[in-house]
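The values are calculated or read from the model by the stated rules, or taken from the named source; none is laboratory data. What you see is a predicted model, and the numbers here were worked out from it, not measured in a lab. Note that we place each Cβ from the backbone using ideal geometry, even for glycine, and neighbour counts take in every protein chain shown.
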Amino acid sequence: MAEVARVYHALPPAERAKAAIFADNYGEAGAIDFFGPRHGLPRAISGHMNYWLWGPRDYSGEVVIVVGSSGHDLPENFASVERAGRVEHARSMPDEHFDLFVCRGLKAPMAEVWARIRRWH
């Protein structure tokens, strides 16, 4: 959570005001929603399980912090992708180590992207 908060708070104020935090899975999204308020983070969005049903909230996709993605497909969806941090912990599973990306300029309307990112597994 501290690393996500560091990346979020490092954004310029104008970007921070519209930044979404997109988590690759519902566990990461739930952690951000539960622990994030004490770090000044907005609610997360995710295409995984029931989080997809809740939609992209009011986020436009102009600025998105991506949590838990390998980053390989991000350039297909965003005009700019920047590795901004890394989450690791000595006692965590290997799949719990991941980079954080700040992505800017969603290439398609959020509603169109949202319709295709749903994952039920």
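For the reader, a short list of remarks on this structure follows.
- Any chance residue 84 is touching a helix residue (DSSP H, G or I) at 6+ places or on another chain (Cβ under 9 Å), surrounded by 15 or more Cβ atoms within 10 Å (Cβ to Cβ) and of a type outside the set (Lys, Arg): yes
- All positions within region 43-63 that are hydrophobic (A, V, I, L, M, F, W, C) and outside any strand (DSSP E or B): 49, 52, 53, 54
- Each residue in region 86-121 was checked for being modelled with pLDDT of 85 or more, part of a loop (DSSP other than H, G, I, E, B) and in contact with an Asp or Glu (Cβ under 7 Å, 6 or more places away or on another chain), and 0 pass.
- Of the numbered criteria (1) closer than 26 Å to residue 120 by Cα; (2) within 14 Å of the chain's Cα centre (by Cα), the one residue 76 fails is (2).
- Neighbours by Cβ (under 7 Å, 6+ apart or cross-chain): first from region 1-23, without any contact (Cβ under 8 Å) to a residue 60 or more places away in the chain; second of a type in the set (Asp, Glu) and part of a loop (DSSP other than H, G, I, E, B): 18/62
- Any hit, region 64-71, residues being more than 22 Å from residue 88 (Cα to Cα) and part of a loop (DSSP other than H, G, I, E, B): no
- Inspection of region 31-42 finds a residue satisfying the criterion of being surrounded by 17 or more Cβ atoms within 10 Å (Cβ to Cβ) and assigned to a loop (DSSP other than H, G, I, E, B).
- Index of the failed condition, residue 8 passing every other in (1) modelled with pLDDT under 95; (2) surrounded by 16 or more Cβ atoms within 10 Å (Cβ to Cβ); (3) touching a helix residue (DSSP H, G or I) at 6+ places or on another chain (Cβ under 9 Å): (1)
- Filtered by the rule that a residue be touching a residue at least 40 places away in the same chain (Cβ under 8 Å) and closer than 16 Å to residue 116 by Cα, region 48-59 gives 48, 49, 52, 55, 56.
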